[in-house]
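Asker: My questions will all concern the structure given below.
The values are calculated or read from the model by the stated rules, or taken from the named source; none is laboratory data. Not measured: the values here are computed from a predicted model. Here the Cβ is made from the backbone with ideal geometry for all residues, glycine too, and neighbour counts use every protein chain on show.
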């Protein structure tokens with residue numbers, strides 16, 4: 001089996017940037033790697049993005065069930081096949097995003113329940129960036145999305161913090177990009193060694 005890494009954090013925390021840098025790190029070292037994301041680019045993921053950008057609207061429960069369906073398809077069609085081929089799989093967001101962001105309007109225990117059968121990553125990198133910094137970064141984007149407001153970001157972060165554990169590791173995302181990347185590479189290599197998986201320093 002391969003090694004499954006997810007990136008989590010507030011919108012604007014740098015998840016996509018750091019996921020791409022980690023993919024590059026492994027590619028340069030000739031390691032088989034799959035970079036993927038949630039919501040996916042599949043049909044269900046498109047429906048989710050449509051609601052996040054206000055193209056259509058449904059209940060929060062409907063949205064979260066769409067996230068769960070998208071995740072089930074994602075695991076079946078992309079993540080699990082790659083892991084069986086001994087790939088490092090890097091996902092830009094995964095199920096903690098559903099619980100943290102979804103908790104604004106949906107019951108957290110229900111969110112955990114509809115996601116409990118989905119496998120946990122071997123390692124989750126949780127990027128810690130203040131809501132203020134995230135908003136400054138987000139303002140450079142063409143448009144805001146559903147969750148990108150200060151009070152909401154503060155509430156979301158409190159939920160994220162509650163999941164910090166041995167396999168959900170907090171990383172300071174306000175440091176320079178390359179410094180954050182170097183820290184992540186160090187953490188990833190330590191964990192892969194612990195699982196006796198080939199590492200690439």
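Asker: Between a first residue in segment 139-154 that is assigned to a loop (DSSP other than H, G, I, E, B) and a second residue that is modelled with pLDDT of 70 or more and surrounded by fewer than 13 Cβ atoms within 10 Å (Cβ to Cβ), which pairs have beta carbons less than 8 Å apart while being 6 or more apart in sequence or on different chains?
Answerer: As it stands, the answer is 143/53; 145/53; 146/53; 146/54, since those pairs meet every condition given.
Asker: Provide a single number: the residues in segment 105-120 that are outside any helix (DSSP H, G or I) and either touching a helix residue (DSSP H, G or I) at 6+ places or on another chain (Cβ under 6 Å) or surrounded by 22 or more Cβ atoms within 10 Å (Cβ to Cβ) (or both).
Answerer: Count: 3.
Asker: Just to check your reading of the model, which residue among 74, 54 is more than 24 Å from residue 180 (Cα to Cα), surrounded by 16 or more Cβ atoms within 10 Å (Cβ to Cβ) and either without any contact (Cβ under 8 Å) to a residue 12 or more places away in the chain or out of contact with any helix residue (DSSP H, G or I) (no Cβ under 6 Å at 6 or more places or on another chain) (or both)?
Answerer: Going through 74, 54 in turn, just one is more than 24 Å from residue 180 (Cα to Cα), surrounded by 16 or more Cβ atoms within 10 Å (Cβ to Cβ) and either without any contact (Cβ under 8 Å) to a residue 12 or more places away in the chain or out of contact with any helix residue (DSSP H, G or I) (no Cβ under 6 Å at 6 or more places or on another chain) (or both): 74.
Asker: Further question: One residue is enough: does segment 32-41 have a residue meeting the conditions closer than 28 Å to residue 138 by Cα and either surrounded by fewer than 15 Cβ atoms within 10 Å (Cβ to Cβ) or in contact (Cβ under 8 Å) with a residue 60 or more places away in the chain (or both)?
Answerer: yes
Asker: For segment 1-50, what are the residues that are within 16 Å of the chain's Cα centre (by Cα) and part of a helix (DSSP H, G or I)?
Answerer: 15, 16, 17, 18, 19, 20, 21, 22, 23, 45, 48, 49
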